[in-house]
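The values are calculated or read from the model by the stated rules, or taken from the named source; none is laboratory data. Since the model is a prediction, treat every value here as computed from it, not as a measurement. Reconstructed Cβ throughout: ideal geometry from the backbone, glycine too, with neighbour counts over all protein chains shown. The area values use the complete protein model at the heavy-atom level, side chains included, leaving out ligands, DNA and RNA. Shrake-Rupley method; radii C 1.70, N 1.55, O 1.52, S 1.80 Å.
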Amino acid sequence: MKAIVIHEYGPPEVLRYEDIPDPIPRAGEIRIRVHAATVNRVLDVSLRAGKETYRGPVLPLIPRCRLRRHRRRHRAAGHPWRVGDRVSAAGVMPLNLCTEDGNGYDGPEGMMGIKRPGGFAELVVVPACAGVAIPEISTFIAPPSSCVMCRGMESSHACR
């Protein structure tokens with residue numbers, strides 16, 4: 001799959017559009033195909049610039065803490081999400097394996113795009129309990145052609 005990866009902190013030029021292996025979901029996780037992701041000034045731009053190191057990011061990383069408008073791609077056995085469900089994920093979530101509903105989890109948590117791979121990729125794996133259903137009435141709006149993340153990227157880029 002394609003993903004935007006940061007190997008070092010710095011200006012926008014440190015963002016690398018790369019081929020990386022597809023993420024493989026473990027028990028209690030779902031894999032979703034990213035339809036769209038937004039750029040957050042603090043948790044994407046500031047992180048890329050190296051101003052958020054107190055959050056403990058580990059390089060290389062795939063940024064983006066909020067995912068919008070995804071289609072679930074992988075179904076774990078016995079999981080309530082179905083293939084084709086529209087799901088979103090964002091923010092802090094379990095870092096270790098947990099039950100699909102997240103009940104009783106007392107392990108470490110971290111923000112997507114900082115402590116676990118984020119949404120600037122074609123596919124992302126998140127704990128099933130972090131998924132939020134998106135109503136079928138939601139529509140998608142194409143990003144402006146001036147989107148700094150999309151310049152020079154193929155149409156399969158995560159922002160499209």
Tally, over the stretch 5-46, of residues that are of a type outside the set (Gly, Ala, Ser), farther than 30 Å from Asp101 by Cβ and touching a residue at least 40 places away in the same chain (Cβ under 8 Å) = 9
ask   = Any idea how many residues of the stretch 89-108 are more than 21 Å from Gly56 (Cα to Cα) and surrounded by 13 or more Cβ atoms within 10 Å (Cβ to Cβ)?
value = 5
ask   = Quick check, is Arg48 modelled with pLDDT of 80 or more, surrounded by fewer than 17 Cβ atoms within 10 Å (Cβ to Cβ) and of a type in the set (Lys, Arg)?
value = no
task = Determine, yes or no, whether Arg75 is open to solvent by 70 Å² or more (accessible area, probe 1.4 Å) and either over 14 Å from the mean Cα position of the chain (by Cα) or at pLDDT 90 or above (or both).
result = yes
query = What strands (runs of 3 or more DSSP E) completely inside the stretch 78-129 contain at least 1 residues that are of a type in the set (Lys, Arg)?
reply = 86-90
